[in-house]
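The structure under discussion appears below in the form of structure tokens.
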Amino acid sequence: MSYTVPSPEYIAQLKAASPSYMNPISCPHAVVYEGALTDKECDDILKNSLYLQPYEYHGCNAITREVSRPLADCYKPLLEIGEQANTEYWSFDITDTAAWIQTYIKGCDYLLHVDGEIGQQRKLTAVALISKEDSYAGGALELVVHPNVHEVPRTRGTVCVFPSWIYHRVTTVERGSRCSVNLGFWGPQFK
């Protein structure tokens, strides 16, 4: 099952209420594919990440592991979902990808942020939730498009794809361990 944030109906209402000279775009802020990855695909990603060296990343209160490139075959389903979302909704020019595994344990979070920084050409992010939803409490992935907050379903294998300038955060993990894969899509500067 997939859906957009906001819904197509809401986007159509905004478009209809705008003057025609404004030509509002009809792209969503995000696309959510609930349960898109199978248990086996999630397990394969977890197995692939065991040998990766963890490091600290500024602003992210989690154990981060950068995935070697080229990406292993286990990341192909996630890559295809990101590419499908881009083709269907944004049509950004994508030329490169990279991935990180992030593990949040009790007390860990990721404060409100965007993934694109000045000078970067990161265009999209795809986040896959690969922990079983009953293995942790807290740790919600929230998309914040003022004044609305959308919590992404915690279903294992859920993938959320969004442009790099969308604000998002991971709330504090209250118990257990939450693991996700973040896939970044880069391309040439917007023109």
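Quick notes on this structure:
- Added length on full extension, which subtracts the Cα-Cα distance from 0.36 nm per residue, ASN148 to TYR55: 30.2 nm
- In order along the range 113-128, the Karplus-derived 3J(HN,Hα) couplings, from 6.51 cos²θ - 1.76 cosθ + 1.60 at θ = phi - 60°, round to 7, 10, 8, x, 10, 4, x, 8, 10, 6, 9, 9, 10, 10, 10, 10 Hz, and Gly and Pro are given as x.
- Taken along the Cα-to-beta-carbon direction at a fixed 7 Å, the label points for GLU117 and LEU71 span 2.1 nm.
- Overall dimensions of the range 35-186, expressed as equivalent-ellipsoid semi-axes from the Cα gyration tensor (√(5λ), whole Å, largest first), are 21, 19, 16.
- Sites ALA12 and SER91 - FRET efficiency at Förster radius 22 Å, r taken between beta-carbons, to 0.05: 0.70
- In the chain, the calculated helix contribution to ellipticity at 222 nm averages -5000 deg cm²/dmol per residue, counting -39,500 (n - 2.57) for every DSSP H run with n ≥ 4.
Computed from the coordinates by the stated procedures, all read-outs in this text should not be read as laboratory data. Model, not experiment: these values are computed from the prediction. Quick reminder, even Gly has a Cβ in these numbers, built from the backbone with ideal geometry, and neighbours come from all protein chains shown.
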